Amino acid sequence: MDTQPTRRTIISPSRRGFILGTGSLLALPLVGCGGGGDSVERPLLAETSSGVLSGEVNGQVISYKGIPYAQAPMGALRFKSPKPVNFTGVRRDAKAFGAASIQTNTTWIYEPPTNQAEDCLSLNVWAPTTGASLPVVVWLHGGGFRSGATSMSLMDGQKLAQMGVVVVTVNYRLGALGHLAHPDFADPDTGATANWAVQDQVAALQWVKANIKAFGGDPNNVTLSGQSGGAMNSIMIAQNPKWRPLVSRLYLVSPPDVSTPFGFSLADAAVYTEVIAQRLGTTPKGLAGVSGLDIHNAELALSRAALPASVTTGRAFRIAPLVDGSNYLSDWIKTPFPANLPVVVTYDLTEGSFFTDLYDNLAKKSSSPPLPATHEALAGQVAGYLGSMGIAADKAPGVIAAYRAAALADGRADVPGDLWTEIFGDSILRNYGVRLANQVAAAGGSARLATYMHPILPPARGVPHCAELPFLFGTYDQPYYKDKFGTSPVEAELSQKWMRSLTSFAANSNSMFSDDTPWPVYAKDHSNTARIGDVGSGVSFGPLPKAAQLAVWDPLLGF
């Protein structure tokens, strides 16, 4: 924090002067779509509750990085609801990203963050240099609730902001520090005993509501967007009546469902926390005095170990949001979706290949276990997997038969490895977002559904979970991604289409692609599904790919 006197004049945002060190004005037009409709210039210094922030200009965008939106969740504030900050009037340099939460890494898509700490509750803003009342996009990263950082080149908001929106990316607590739960953690202000990560995200949204005008954003026009775990958290926030007013619409990328027994019940999560505390020689309350890194490492070790026989949930996810009746009201896919909330849902064509068949072209090695090579091996794999979901293993032959029949009907290969990829990806990911789109469409709401179909570069194959992310941010050509995704004109056009679909949706809920092709609202008969990248960089509309195979999950998951 910089509290030293400065000769640069601090200009109130209400004066709309964009003051540089020399006092000269820089007025640049907006690019692409956007709100506001004027050429109002914005101050380089933004006055917020987090301080008077000094940003950095890059072309037509000002960025502000590492902005604290809540107090450091350490010591007495560990395993507590986030507490607001108030640095009003304090000069703060906002040109460097804040620390990421202590975490494990998902290296195929996420660059390992070098700066990790418990003091991680910060956000970043990219804003056009001109314009007022602009649409706002708040991004919640994914990472299996264990990894992710907004400092990664993947999530740079520069190119989206160039298209006329204010972009906010959020760091929040991950892993054990964001998800352990116990009655002894009860927050004195909120009563919360769980779900610290989603409460962090809500605190960031509340900060946006209070401060985004200083960056030219409209606090009443906020699109909440997230991928994977971040998409699931976005839905949880929108479904909660006390938080619903913070969100104008949702743009969801590959939301999963990790409800019990896949994830923990609240009671079993408390047992898990007690075991961790015992391993560290303390009690749940005593964890406030233990190193955060020690807690992280102890939980990682326990995540791979057997639990007491009394624990019957958490069979696949031991770190995830928990239904607590306050912050996470109920299993999101079985909870009514707000009828007046426009939503976009997107999935990758072979979501499961991220987990089952992933080759890293940069590291030049596989990052997933070998695929089942025989039908006998597939049967054993599926039976064990269904058991982890609380589904009887004897259902495995029926699941495999349904997927084989769907593959043959579509003209796809029915080899065991491909069937396993489809079964896994649908069961944890694609099945749920399609159900959400169907639910919204059946209720007469506004939903758009897309399948991303452009394959990653060989020798890797498929369109795995996370494959669209570098295109959504226009960062596909960054060093960490170019050998995985490509940098040809096809990829450049795909990226433009992805970005435009988000920024136009954020402007007024009517999404379109970069060639001005409108994205029609999804219909309950599965028509009007967008197919992005099905041929080169093209976008077409029609029936949902691989819809028939999803029906097998209806009785198994209780729908």
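Peptide packing: for 368-375, 173-180, 288-295, the average count of neighbouring Cβ atoms within 10 Å per residue gives the ranking 173-180, 288-295, 368-375, highest mean first. For the chain, the residue among PRO128, TRP243, ALA186 whose Cα projects farthest onto the positive side of the dipole built from Cβ charges is PRO128. How large is log10 of I(q)/I(0) for the range 13-253 at q = 0.08, 0.09, 0.15 Å⁻¹ when the intensity is taken from the Debye formula with one equal scatterer per alpha-carbon? One equal scatterer on each Cα of the range 13-253 leads to -0.28, -0.35, -0.99. Magnitude of the charge dipole for the range 13-253, about its Cα centre and with charges confined to Cβ atoms of Lys, Arg (+1) and Asp, Glu (-1), is about 260 debye.
With q set to 0.05, 0.12 Å⁻¹, the log10 of I(q)/I(0) for the chain, from the Debye formula over equal scatterers at the Cα positions, is -0.20, -1.19.
For the pair the range 177-256 and the range 345-373, the centres of their Cα atoms are 30 angstrom apart.
With a cut-off of 8 Å between alpha carbons and a minimum separation of six or more residues, what is the relative contact order of the chain in percent?
13
Over 27 Å between Cα atoms, which of LYS159/LYS482; LYS95/LYS242; LYS95/LYS364; LYS365/LYS497; LYS365/LYS482 qualify? Over 27 Å apart, Cα to Cα: LYS95/LYS242; LYS95/LYS364; LYS365/LYS497.
Order by neighbour count: LEU302, LEU349, fewest other Cβ atoms within 10 Å first, most last. Walk me through the numbers before you get to the answer.
Values: LEU302 17, LEU349 23.
Neighbour counts put them in this order, fewest first: LEU302, LEU349.
Electrostatic tally near VAL202: other residues with Cβ closer than 15 Å to its Cβ, Lys and Arg +1, Asp and Glu -1, net +2.
Sum up the charges of everything whose Cβ sits under 11 Å from the Cβ of VAL222, counting Lys and Arg as +1 and Asp and Glu as -1, but leave VAL222 out.
That sum, taken over residues with Cβ under 11 Å, equals +1.
Along the range 180-188 the Karplus relation, 6.51 cos²θ - 1.76 cosθ + 1.60 evaluated at θ = phi - 60°, assigns HN-Hα couplings of 4, 9, 6, x, 6, 7, 2, 6, x Hz to successive residues, with x for each Gly and Pro.
Only loop residues by DSSP count here, and only those with at most 16 other Cβ atoms within 10 Å; note down the trypsin sites (Lys or Arg not before Pro) in the range 196-246 that meet that. Those that pass, being in a loop and sparsely packed, are LYS242. Using the Cβ-Cβ distance between VAL90 and LYS285 with R0 set to 35 Å, the FRET efficiency from 1/(1 + (r/R0)^6) comes to roughly 0.55. By the count of other C-beta atoms within 10 Å, a proxy for reagent exposure, LYS364, LYS159 are ordered fewest to most as LYS364, LYS159.
Coordinate-derived values only; no laboratory data. On a predicted model such as this, the values are computed, not experimentally measured, just so you know. FYI the Cβ positions are ideal-geometry reconstructions off the backbone, even for glycines, and counts take in every protein chain you see.
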